[in-house]
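Some notes on the structure that comes next.
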């Protein structure tokens, strides 16, 4: 194995997902294994009219009237999660060295709701009814731009887009910024609010979404023999990362470490993974090498586990081939698939597993696909001390990213 680089500490977490608003609500729900998918009135009339939306999210109450009106939902989710993460890390944004604080977020679709509303207005009411705000809400870069404004984070500021791997890619880039000395603190993670009618219709027509409309709660079933596609979701996860020595020097709580990162491309297909899993295997081995840990050291995997036929088979074969038989879970059974935010959400859950010694179950797993030879945690959460874990993300375009999370 390679020589591990200096450790990067996770000092704060913020979560806004279909499992709830805040870390406590999220952790309780994913550990319960109770799914969140439900009929979605906003998608009525589409081939698939159910999703995983954040429950009870009132942007006006959480962010104020002006931000609720001006910003896209993708920004709302990110801002609420970021405020929780920064408070959790014990930072006062008025007191930090703002030019040394970076923001690196992941996203896939940008301000999808803002764009769709503008497009609808253009074609139904005319060009003079298109809001100019769409050009500061639709572009993908604005997700991190608004965070910098809200948090007075004046260092490097960017959004990375590697489809459903975006969240893990952002965390990897953030880690590199800390280790290179560009920043002292990086606000990282991802946000996605994709539940607009056009993208949801397109996902349905390409056959990616589950059609289990008679029982939406049972639709997201990673690794199950009867899975038939993913359930689309929205959400955000924000992590505060610092060099471990710096975090300890200021007396911060270290929830876990991001100890390794690897990425790769399949170079195979626009939307299907390489059936041999060679790309994700390269990313996994690179992450382990970066962390300086052996495959046999990995005790837990928070899998990409989308509930699609191809992904689950490909990923499970790679896990078995490289890691043997760690305890595997896919929290998408509860939360659905939040696309570009999924990886960040799952890294956050992996940090909580390492911190709390609890592995959430894979919801709706009733009969393991006979082609999958893994120890998949099902039925109920498993209490187990975990010192080394990996979180995997695979994206359209064949883009793969893996993070290694370790105990401090």
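The values are calculated or read from the model by the stated rules, or taken from the named source; none is laboratory data. Note that the structure is predicted; figures quoted are calculated from it, not measured. With ideal geometry, Cβ positions are generated from the backbone for all residues, glycine too; neighbour counts draw on all protein chains shown.
Based on this model, can you work out whether residue 290 counts as more than 20 Å from the chain's Cα centre (by Cα), buried (at least 21 other Cβ atoms within 10 Å of the Cβ) and assigned to a helix (DSSP H, G or I)?
Here the answer is yes, as residue 290 does meet what is asked.
Which number in (1) modelled with pLDDT of 95 or more; (2) within 24 Å of residue 349 (Cβ to Cβ) marks the one condition that residue 60 misses?
It is condition (2) that residue 60 fails.
Has region 129-138 got at least one residue that is touching a helix residue (DSSP H, G or I) at 6+ places or on another chain (Cβ under 7 Å), part of a helix (DSSP H, G or I), more than 30 Å from residue 97 (Cβ to Cβ) and free of Cβ contacts under 8 Å to residues at least 60 places away in the same chain?
Checking region 129-138: at least one residue is touching a helix residue (DSSP H, G or I) at 6+ places or on another chain (Cβ under 7 Å), part of a helix (DSSP H, G or I), more than 30 Å from residue 97 (Cβ to Cβ) and free of Cβ contacts under 8 Å to residues at least 60 places away in the same chain.
Yes or no, residue by residue, for (1) modelled with pLDDT of 95 or more; (2) in contact with a strand residue (DSSP E or B) (Cβ under 6 Å, 6 or more places away or on another chain); (3) under 23 Å from residue 85 (Cα atoms):
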| position | (1), (2), (3) |
| --- | --- |
| 344 | yes, yes, yes |
| 348 | yes, yes, yes |
| 356 | yes, no, yes |
| 381 | yes, yes, no |
| 406 | yes, yes, yes |
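All but one of (1) assigned to a loop (DSSP other than H, G, I, E, B); (2) at pLDDT below 95 hold for residue 264; which doesn't?
Failing condition for residue 264: (1).
Any idea which residue in region 316-360 is surrounded by the fewest Cβ atoms within 10 Å (Cβ to Cβ), counting only those that are touching a helix residue (DSSP H, G or I) at 6+ places or on another chain (Cβ under 9 Å) and part of a strand (DSSP E or B)?
It comes out as 358.
What number of residues in region 93-122 are over 30 Å from residue 400 (Cα atoms), assigned to a helix (DSSP H, G or I) and modelled with pLDDT of 95 or more?
2
For region 197-218, give me each residue that is surrounded by 21 or more Cβ atoms within 10 Å (Cβ to Cβ), in contact (Cβ under 8 Å) with a residue 40 or more places away in the chain and assigned to a loop (DSSP other than H, G, I, E, B).
Within region 197-218, just 210 meets the criteria.
What tally of residues in region 17-31 results from selecting those that are assigned to a helix (DSSP H, G or I) and in contact (Cβ under 8 Å) with a residue 60 or more places away in the chain?
Of the residues in region 17-31, 6 are assigned to a helix (DSSP H, G or I) and in contact (Cβ under 8 Å) with a residue 60 or more places away in the chain.
Please find, within region 37-60, the residue that is nearest to residue 73 (Cα to Cα) out of those that are outside any loop (DSSP other than H, G, I, E, B) and without any contact (Cβ under 8 Å) to a residue 40 or more places away in the chain.
Step by step, filter region 37-60, then rank; the result is 59.
For residue 258, indicate whether it is surrounded by 21 or more Cβ atoms within 10 Å (Cβ to Cβ) and touching a residue at least 40 places away in the same chain (Cβ under 8 Å).
Here the answer is yes, as residue 258 does meet what is asked.
With respect to residue 147, determine if the residue is without any contact (Cβ under 8 Å) to a residue 12 or more places away in the chain, in contact with a helix residue (DSSP H, G or I) (Cβ under 8 Å, 6 or more places away or on another chain) and part of a helix (DSSP H, G or I).
no
Check region 180-187 and report whether any residue there is modelled with pLDDT of 95 or more, in a helix (DSSP H, G or I), touching a strand residue (DSSP E or B) at 6+ places or on another chain (Cβ under 6 Å) and over 23 Å from residue 306 (Cα atoms).
No.
Listed here are the residues, each with its yes/no results for (1) part of a strand (DSSP E or B); (2) more than 18 Å from the chain's Cα centre (by Cα); (3) in contact (Cβ under 8 Å) with a residue 12 or more places away in the chain; (4) under 29 Å from residue 266 (Cα atoms).
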position	(1), (2), (3), (4)
362	no, no, yes, yes
365	no, yes, yes, yes
371	no, yes, yes, yes
379	no, yes, yes, no
386	no, yes, yes, no
390	yes, no, yes, yes
402	yes, no, yes, yes
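I want to confirm something. Restricting to region 293-315 and keeping residues that are over 23 Å from residue 365 (Cα atoms) and out of contact with any strand residue (DSSP E or B) (no Cβ under 6 Å at 6 or more places or on another chain), which single residue is surrounded by the most Cβ atoms within 10 Å (Cβ to Cβ)?
Ranking the candidates gives 295 first.
Just to be sure, is residue 90 surrounded by fewer than 17 Cβ atoms within 10 Å (Cβ to Cβ), outside any helix (DSSP H, G or I) and at pLDDT 95 or above?
Answer is yes for this residue.
Please verify whether region 53-61 includes one or more residues that are surrounded by 18 or more Cβ atoms within 10 Å (Cβ to Cβ) and either farther than 30 Å from residue 215 by Cα or within 16 Å of the chain's Cα centre (by Cα) (or both).
Yes, some residue in region 53-61 is surrounded by 18 or more Cβ atoms within 10 Å (Cβ to Cβ) and either farther than 30 Å from residue 215 by Cα or within 16 Å of the chain's Cα centre (by Cα) (or both).
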